[in-house]
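A quick write-up on the structure given underneath.
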Amino acid sequence: MNRRDRPRVIANFAMTADGKVSTRAHTPAAFTSPRDKRRLLEIRALGDAILVGRNTVATDTMSMRIRDRALRASRRAKGLPAEPLRVIVSARGNLDPAWKVFRSPGARRIVFSTRQMPGATRRAILPLCELHLFDAASLPIAEVLSILRRDHDVRTLVCEGGPTLFRSLVEIGALDTLHLTVAPLIFGGRDAPTLTGTHPDFLASIRHFRLESLRTHGGECYLRYRAIRQ
Ligand SMILES: NC(=O)c1ccc[n+]([C@@H]2O[C@H](COP(=O)([O-])OP(=O)(O)OC[C@H]3O[C@@H](n4cnc5c(N)ncnc54)[C@H](OP(=O)(O)O)[C@@H]3O)[C@@H](O)[C@H]2O)c1
């Protein structure tokens, strides 16, 4: 995908030493330190919008907000709104209007889905968000990025997962920066998701990254990688 047609895309994940991103209870952030959770908010604050897949919103009961006063103030000082737009993708559209993200105050919500979304869900979430429904059976993620760039002036997009969404971004070559926290734990689990989920296939081609930053705190390692364009 042409870089000019999309925002800069930053992804942020935490994983174990054996590359797992999900606990048995399917909680994404429950296995890292308060320091890492703070880091997550700092990275979130870099975005004009946050992008999350349906399952992550559901399992982590996310509000997708920034409540921290200092982070809000520093965004305002840069001429940004206090909080980034909240963007959710779901091809099938089984979203629950009772989820925290739909009930919490904060920035505008944008939902990208398809005509598969049940009519009752459509009617229930329409007053709560801006809804884009594609006619195709699957959701064209490249077009989602183009719409965010063109119609919502999103220059920097922070993707907080999950792995299915992350893989789809990597597949179209739309990942610029990857923040990775490696936690000193091993979960095991053949079917436990890694960064790219549980998809059995290799990517069509290997993606290469350059290590830009490496920091440690306690047993955790914070890495920042920059994608190398091929
Ligand atoms: N450690 C971490 O940093 C981290 C971060 C995030 C999540 N997680 C963990 O990851 C697990 C969830 O994994 P997941 O892969 O299921 O999460 P996910 O990517 O958030 O959700 C997958 C669902 O989102 C929708 N979706 C994602 N990408 C899409 C695309 N390109 N086009 C259309 N729809 C798309 C689909 O919804 P429909 O089925 O409705 O079409 C898909 O089934 C959870 O256990 C969570 O805790 C960990």
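What are the residues in region 148-162 that are on the phi < 0 side of the Ramachandran plot, assigned to a loop (DSSP other than H, G, I, E, B) and of a type in the set (D, E, K, R), if any?
155, 160
For region 78-104, enumerate the residues that are in a loop (DSSP other than H, G, I, E, B), farther than 24 Å from residue 140 by Cα and either more than 16 Å from the ligand (Cβ to nearest atom) or free of Cβ contacts under 8 Å to residues at least 12 places away in the same chain (or both).
Those that are in a loop (DSSP other than H, G, I, E, B), farther than 24 Å from residue 140 by Cα and either more than 16 Å from the ligand (Cβ to nearest atom) or free of Cβ contacts under 8 Å to residues at least 12 places away in the same chain (or both): 78, 79, 80, 81, 82, 83, 98, 104.
Conditions: (1) part of a loop (DSSP other than H, G, I, E, B); (2) surrounded by 14 or more Cβ atoms within 10 Å (Cβ to Cβ); (3) more than 9 Å from the ligand (Cβ to nearest atom). Residue 39 meets all but one. Number of the miss?
Going through (1) part of a loop (DSSP other than H, G, I, E, B); (2) surrounded by 14 or more Cβ atoms within 10 Å (Cβ to Cβ); (3) more than 9 Å from the ligand (Cβ to nearest atom) one by one, residue 39 breaks only (1).
Say we look at region 105-120 and pick out the residues that are more than 10 Å from the ligand (Cβ to nearest atom) and buried (at least 18 other Cβ atoms within 10 Å of the Cβ); which of these is nearest to residue 48 (Cα to Cα)?
107
Do any residues in region 197-210 that are within 15 Å of the ligand (Cβ to nearest atom) have Cβ atoms under 7 Å from those of residues that are of a type in the set (Asp, Glu) and assigned to a loop (DSSP other than H, G, I, E, B), where the two are at least six apart or on different chains, and which pairs are they?
From region 197-210, the pairs are 198/191.
Residue under question is residue 143, and the condition is that it be closer than 20 Å to residue 196 by Cβ and acidic (Asp, Glu); does it hold?
So residue 143 does not fit the description; no.
Which of (1) surrounded by fewer than 18 Cβ atoms within 10 Å (Cβ to Cβ); (2) more than 11 Å from the ligand (Cβ to nearest atom) is the odd one out, the single condition residue 24 does not satisfy?
(2)
Going by what's in this entry, would residue 125 be described as out of contact with any Asp or Glu (no Cβ under 8 Å at 6 or more places or on another chain) and within 15 Å of the ligand (Cβ to nearest atom)?
So residue 125 fits the description; yes.
Quick check, is residue 75 more than 22 Å from residue 14 (Cα to Cα), more than 15 Å from the ligand (Cβ to nearest atom) and basic (Lys, Arg)?
yes
All but one of (1) surrounded by 17 or more Cβ atoms within 10 Å (Cβ to Cβ); (2) more than 11 Å from the ligand (Cβ to nearest atom) hold for residue 145, so report the exception by its number.
Residue 145 satisfies every listed condition except (2).
Rundown of residues vs (1) within 13 Å of the ligand (Cβ to nearest atom); (2) outside any helix (DSSP H, G or I); (3) β-branched (Val, Ile, Thr), yes/no style:
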| residue | (1), (2), (3) |
| --- | --- |
| 170 | yes, no, yes |
| 173 | no, yes, no |
| 185 | yes, yes, no |
| 191 | yes, yes, no |
| 226 | no, yes, no |
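State all residues of region 47-65 that are away from the ligand (no atom under 16 Å from the Cβ) and touching a Leu at 6+ places or on another chain (Cβ under 6 Å); if no residue qualifies, say none.
none
Does residue 185 satisfy being buried (at least 19 other Cβ atoms within 10 Å of the Cβ) and either at pLDDT 95 or above or touching a Cys at 6+ places or on another chain (Cβ under 6 Å) (or both)?
Criteria not met by residue 185.
The values are calculated or read from the model by the stated rules, or taken from the named source; none is laboratory data. No experiment lies behind these values; they were computed from the predicted model shown. A quick note on method: Cβ atoms are made from the backbone with ideal geometry, for glycine too, and the neighbour counts reach across all protein chains shown.
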